[in-house]
Amino acid sequence: MGDDAVHELTAAYALDALEPEEARGYEAHLAGCERCREELASLQSAAGALAYAVEPARPPESLRGRILDAARAERPNVVPLHSWSRPLAAVAAVAACAAIGLAVWNVSLHDRLGRAQEALRGVPLTGAKGSVVVSGGSGALVVSDLAPAPAGKTYEAWVVKGGHASRAGTFAGGGRTIVIRLTHALPAGAVVAVTLERAGGVDQPTKTPFITSAPV
């Protein structure tokens, strides 16, 4: 496998999505590649940031009804040994059906989370070390070794599509690696850019971007 192909495995390795043989080969490469070590650290941080950015998943409204329907269907099958056992049997049936329903929901949720993780990918930057980590229509900007913004200034991120720039968040810089959740959606083909603006940010860029990404 060529070096370029190995570099492209970083996002998959960060998500533990490689086959064992691929993972061993990547780890051997990682030991001697500073670029991949830095990219891996960035992707792992960004993956965590995106996970917290996702709205909590809620069971569908129909789940409660299905559980109660299943409990009612099970009730005639309960053989009462004593009159006092009937309420306990009904409760047990409801609990069993609830457990089954929640287990089905849990499997469905894990399946959807798995598909979301598979879609996570890194897009390289020009002008700084790091990447844009994309998951569906959301993303996070990961930048390493960016100096703090000067006094009275801020870094501002933009999502640029079709010549139009949309605000996507401000940040102060500094630190080894920083992760900025982009506050604007990332449509296919858009570019993420960063400019240095006055404190508080502006509605449209006033400077030429000094950091840009490849199209997402």
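Key figures for this structure:
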item	result
Odd one out for residue 157 among (1) closer than 30 Å to residue 37 by Cβ; (2) surrounded by fewer than 18 Cβ atoms within 10 Å (Cβ to Cβ)	(2)
Hits in the range 160-196 - residues which are in contact (Cβ under 8 Å) with a residue 12 or more places away in the chain, over 17 Å from residue 149 (Cα atoms) and of a type outside the set (A, V, I, L, M)	161, 166, 167, 181, 183, 184, 187, 189
Single residue of 66, 37, 58 found to be out of contact with any His (no Cβ under 9 Å at 6 or more places or on another chain), farther than 24 Å from residue 124 by Cα, at pLDDT 70 or above and open to solvent by 100 Å² or more (accessible area, probe 1.4 Å)	66
Members of the range 22-34 that are assigned to a helix (DSSP H, G or I) and at pLDDT 75 or above	22, 23, 24, 25, 26, 27, 29, 34
Leading residue by the ranking (farthest from the chain's Cα centre (by Cα)) among those in the range 1-21 that are outside any loop (DSSP other than H, G, I, E, B), loosely packed, with under 15 Cβ neighbours inside 10 Å and at pLDDT below 75	3
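Per-residue answers, yes or no, for (1) modelled with pLDDT of 85 or more; (2) over 23 Å from the mean Cα position of the chain (by Cα); (3) not hydroxyl-bearing (Ser, Thr, Tyr):
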{"position": "97", "(1), (2), (3)": "no, yes, yes"}
{"position": "109", "(1), (2), (3)": "no, no, yes"}
{"position": "131", "(1), (2), (3)": "yes, no, no"}
{"position": "143", "(1), (2), (3)": "yes, no, yes"}
{"position": "163", "(1), (2), (3)": "yes, yes, yes"}
{"position": "183", "(1), (2), (3)": "yes, no, no"}
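The values are calculated or read from the model by the stated rules, or taken from the named source; none is laboratory data. Because the structure is predicted, anything quoted here is derived from the model rather than measured. As a convention, Cβ positions derive from the backbone with ideal geometry for all residues, glycine included, and neighbour counts pool all protein chains shown. What goes into the accessible areas is simple: the full protein's heavy atoms, side chains included, and nothing from ligands, DNA or RNA. Shrake-Rupley method; radii C 1.70, N 1.55, O 1.52, S 1.80 Å.
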